[in-house]
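To keep things clear, I will list the structure first and then write my remarks on it.
The values are calculated or read from the model by the stated rules, or taken from the named source; none is laboratory data. Quick caveat: nothing in here was measured; it's all calculated off a predicted structure. So basically every Cβ, Gly included, is an ideal-geometry build from the backbone, and we count neighbours across all protein chains shown.
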Amino acid sequence: MYNNEKGTVETIDRAIKESNNLSIEYYVAVLEFARHERLIHLIVTFFVGILALITLFMSLVTTNLYTLILFVLLLILEVFYLWHYYLLENKTQELEQLYLRHIRNTHK
């Protein structure tokens, strides 16, 4: 998704600079898709974090090696989810800025 949004941002930015009139529906559709994906990734990130905390507490209570290994794996997964969510959030904000710039340019 990150590469797809990067291309979308560049396409929209190029169209704004060249004064092409992209329809407002296109901007809204791209922005709504990015916001939806951001929400889904936020929910998954929280869910993985909660599972990691639960397995940490389980490994402390039961002193089972497998729950500690599961905690480490979930922690690694959470770090990658957080990085992906960071990139997704930045691209979504960039799309929102392009949308606002387009709105300002069309209403001059």
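The figures follow:
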{"quantity": "Set Thr67, Thr45, Thr55: member being modelled with pLDDT of 85 or more, surrounded by 12 or more Cβ atoms within 10 Å (Cβ to Cβ) and in contact with a His (Cβ under 9 Å, 6 or more places away or on another chain)", "calculated": "Thr45"}
{"quantity": "Condition met for Leu73 (buried (at least 17 other Cβ atoms within 10 Å of the Cβ) and modelled with pLDDT of 90 or more)", "calculated": "no"}
{"quantity": "Residue pairs meeting the criteria (Cβ under 6 Å; at least 6 apart or on separate chains; first of a type in the set (Val, Ile, Thr), in segment 59-87; second surrounded by 15 or more Cβ atoms within 10 Å (Cβ to Cβ) and in a helix (DSSP H, G or I))", "calculated": "Thr67/Thr55; Thr67/Met58; Thr67/Ser59"}
{"quantity": "Matching residues in segment 45-67 - criterion: being within 11 Å of the chain's Cα centre (by Cα) and among the aliphatic types (A, V, I, L, M)", "calculated": "none"}
